[in-house]
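*Asks:* Right, I'll just put the structure down here and ask away after.
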Amino acid sequence: MGLIFSGCDTINQLGGQFGLGTPTEAEINSGLKQALEYGTSYATERLSKEDGYLGNLAIKIVFPEEAQKVENTLRSIGLGNLCDQVITSVNRAAEDAAIEAKPIFVAAIKDMSITDVKNILLGENDAATTYFENKTTGSLEEKFKPIIETSLNKVGATKYWGDVIGRYNQVPLVKPIEADLSKYVTKKAIDGLFYEIAKEELKIRENVTARSTLLLQQVFGYADREKAVSGTVK
C-alpha cells in the first residue's frame, strides 16, 4: 500500500528530496509517450511469439460461447483431438496478427494531444488502455481480420472448424450451428491484446521499479503526488 500524506507541503518535500520536481509540459508529453510506446511494443511482441496466446491462460482463445456445446459433445464422443487442433490453430492465427498492432499503436500515440496525455497520466489506472480501445479498435479489426483469415487457412483452422461443425451437426437431435470463425478470432485477439496492454499500464503506474528512466521516474512520480493531493486535500 502507498503512503497517505496529509497535505501538499509533505508531498512537495518528498518530491524535492528525491530530485523529482515538477516536470514541464514537454517532459510530461515525452515521458508518457515513452512509457506507452514501450508498453505497447512489449505487449505486441510478446503476443506475436509462439504460444503468446496459446500459452497464456488469461487470453487463450477457446471455442466461442455458442459453440461450447459443440466442443463438449465432440469430446464426449471421442473427438477431443479435433477440438484441440481447432484451439491451437486459432491461437496461432492470433499470434500471427499481433505484431501488426505495433504501428497502429505508435500512430495513436503520436496523435495524442497534450490534453490527452495529461488526462491519461492523471486518470484512472486503465486510462491509456481505454484511450487505445477507443482510438485503435477499428484499425486493429481492419488490419487483423485478413491476416487471421489467411493464417486460419494456412494452419488448417478453417478446415478443422468445418470438420468440427460438420461432425456436430451430424449428431442426432442437435440444432445445427454456424459461427463466423475469423470474426470471432479477430475479436478475441484484440481483446487479449488490450488485456496485456492494461497489465503493462498498471505495472508502470504501481511499480516504481518499472520506471526504467529518469524521465519516467520524474513524470510518474509527479502523477503519484498529484493523485495523492487530489485524494487527501480538501
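The values are calculated or read from the model by the stated rules, or taken from the named source; none is laboratory data. Quantities reported herein were computed from a predicted structural model and do not represent experimental measurements. Cβ: placed from backbone, ideal geometry, glycine included. Neighbour counts: every protein chain shown. All accessible areas refer to the heavy atoms of the entire protein, side chains included, with ligands and DNA or RNA removed. Shrake-Rupley method; radii C 1.70, N 1.55, O 1.52, S 1.80 Å.
*Asks:* Using the structure shown, decide if residue 119 is over 19 Å from residue 88 (Cα atoms) and loosely packed, with under 14 Cβ neighbours inside 10 Å.
*Replies:* So residue 119 does not fit the description; no.
*Asks:* Further, regarding this structure: At pLDDT 95 or above and in contact with a helix residue (DSSP H, G or I) (Cβ under 8 Å, 6 or more places away or on another chain): which single residue out of 41, 113 fits that description?
*Replies:* Answer to the selection: 41.
*Asks:* Residue check: is residue 47 of a type in the set (A, V, I, L, M, F, W, C), farther than 14 Å from residue 128 by Cβ and open to solvent by 60 Å² or more (accessible area, probe 1.4 Å)?
*Replies:* Answer is no for this residue.
*Asks:* Let me ask you something else. Among the residues of the stretch 122-149, write down those that are of a type in the set (S, T, N, Q), touching a helix residue (DSSP H, G or I) at 6+ places or on another chain (Cβ under 8 Å) and either closer than 23 Å to residue 222 by Cβ or surrounded by fewer than 18 Cβ atoms within 10 Å (Cβ to Cβ) (or both).
*Replies:* Across the stretch 122-149, the qualifying residues are 125, 129, 137, 139.
*Asks:* Check off (1) within 20 Å of the chain's Cα centre (by Cα); (2) over 30 Å from residue 228 (Cα atoms); (3) open to solvent by less than 40 Å² (accessible area, probe 1.4 Å); (4) in contact (Cβ under 8 Å) with a residue 40 or more places away in the chain for residue 104 and give me the number that stays unchecked.
*Replies:* Among (1) within 20 Å of the chain's Cα centre (by Cα); (2) over 30 Å from residue 228 (Cα atoms); (3) open to solvent by less than 40 Å² (accessible area, probe 1.4 Å); (4) in contact (Cβ under 8 Å) with a residue 40 or more places away in the chain, residue 104 violates only (4).
*Asks:* Hey, does the stretch 18-37 have a residue that's part of a helix (DSSP H, G or I), modelled with pLDDT of 75 or more, among the charged types (D, E, K, R) and farther than 30 Å from residue 94 by Cα?
*Replies:* Checked against the condition, which is being part of a helix (DSSP H, G or I), modelled with pLDDT of 75 or more, among the charged types (D, E, K, R) and farther than 30 Å from residue 94 by Cα, the stretch 18-37 yields at least one hit.
*Asks:* Could you go through the stretch 155-168 and let me know if any residue there is under 27 Å from residue 109 (Cβ atoms) and among the polar types (S, T, N, Q).
*Replies:* Checked against the condition, which is being under 27 Å from residue 109 (Cβ atoms) and among the polar types (S, T, N, Q), the stretch 155-168 yields no hits at all.
*Asks:* Checking the conditions here, which among 174, 208 is of a type in the set (Val, Ile, Thr), surrounded by fewer than 14 Cβ atoms within 10 Å (Cβ to Cβ) and either modelled with pLDDT of 90 or more or within 13 Å of the chain's Cα centre (by Cα) (or both)?
*Replies:* 208
*Asks:* Here's something else I'd like to know. Tell me which residues, restricted to the stretch 51-95, are of a type in the set (Asp, Glu) and either at pLDDT 95 or above or surrounded by fewer than 21 Cβ atoms within 10 Å (Cβ to Cβ) (or both).
*Replies:* Scanning the stretch 51-95 gives 51, 65, 66, 84, 95.
*Asks:* Have a look at 129, 137, 115 and point out the one that is more than 23 Å from residue 45 (Cα to Cα) and part of a helix (DSSP H, G or I).
*Replies:* Criteria check complete, one pass: 115.
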